[in-house]
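Below: the structure, in structure tokens.
The values are calculated or read from the model by the stated rules, or taken from the named source; none is laboratory data. Since the structure is predicted, the reported quantities are computational estimates derived from the model, not experimental observations. All Cβ positions, even for glycine, are placed from backbone atoms using ideal geometry, and neighbour counts span all protein chains on display. Remember, those area values only see protein heavy atoms, side chains included, never the ligands or the DNA or RNA. Shrake-Rupley method; radii C 1.70, N 1.55, O 1.52, S 1.80 Å.
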Amino acid sequence: QKEVEQDPGPLSVPEGAIVSLNCTYSNSAFQYFMWYRQYSRKGPELLMYTYSSGNKEDGRFTAQVDKSSKYISLFIRDSQPSDSATYLCAMSGGSARQLTFGSGTQLTVLP
Amino acid sequence: DAGVIQSPRHEVTEMGQEVTLRCKPISGHNSLFWYRQTMMRGLELLIYFNNNVPIDDSGMPEDRFSAKMPNASFSTLKIQPSEPRDSAVYFCASSFLAGDQETQYFGPGTRLLVL
């Protein structure tokens, strides 16, 4: 079993829809949780960063962490075609530098 | 800032040849990471350096892989001899620690194809 599980999709939604992306993990030592966005043929770029449990909002993006369930989510409101990308969850334990990545979910937002 | 710079962007080589991938981290960053991304295994950490010193190379697949960071502005990842299963996208990332938060900035990657 992988330490971090993520549904690879692909996920296709109409423009304006609310998108929900999720990851589960097994390592209870993880404390730092991140979401990266990766456009085709580009490197990943950090989208959201949260520490421990709770919610964090940034514009149309909301990240949720539920450590009791070992479950993290990323919500995208009013999705746009420019949001079409692969979304990778990542997490780490005591040191935020050794990241374990999910396999990524490919999202397409249709105009 | 130009961001993390990687070269070459694409590399096609034959099995058995030596391959050298290069990375220039963002100026002022003190940590550098090498990752490999494949469809089958996703994004995997190979090795990371802190202040030019290798800290954890447990992700390096085997002795054919080696990495160096001779100074704060340059790192190499070498594969010798290369094999077809090494075909992947190799990313370099750099970061700096600010309080509790450390953000890794990725380069554009090097697409390696070993024939």
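Tabulated results
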read-out	value
Condition check for A:TYR87: open to solvent by less than 50 Å² (accessible area, probe 1.4 Å), closer than 24 Å to B:PHE33 by Cα and away from every other protein chain (no Cβ under 11 Å)	yes
One residue from A:GLU45, A:GLU57 being free of Cβ contacts under 8 Å to residues at least 12 places away in the same chain and either open to solvent by less than 30 Å² (accessible area, probe 1.4 Å) or under 22 Å from B:PRO108 (Cα atoms) (or both)	A:GLU45
Selection from region B:89-111 of residues that are surrounded by fewer than 21 Cβ atoms within 10 Å (Cβ to Cβ) and either in contact with a strand residue (DSSP E or B) (Cβ under 6 Å, 6 or more places away or on another chain) or not hydrophobic (A, V, I, L, M, F, W, C) (or both)	B:VAL89, B:GLY99, B:ASP100, B:GLN101, B:GLU102, B:THR103, B:TYR105, B:PRO108, B:ARG111
Strands (runs of 3 or more DSSP E) completely within region A:10-83 that count 2 or more residues being among the β-branched types (Val, Ile, Thr)	A:19-25, A:61-66, A:71-76
Checklist (1) away from every other protein chain (no Cβ under 11 Å); (2) under 17 Å from A:LEU99 (Cβ atoms) applied to B:SER58, failing item	(1)
Filtered residues of region B:31-44 (kept if in contact (Cβ under 8 Å) with a residue 12 or more places away in the chain and surrounded by fewer than 22 Cβ atoms within 10 Å (Cβ to Cβ))	B:SER31, B:GLN37, B:THR38, B:GLU44
Leading residue by the ranking (farthest from the other protein chains (Cβ to nearest Cβ)) among those in region A:23-42 that are open to solvent by 50 Å² or more (accessible area, probe 1.4 Å) and modelled with pLDDT of 95 or more	A:THR24
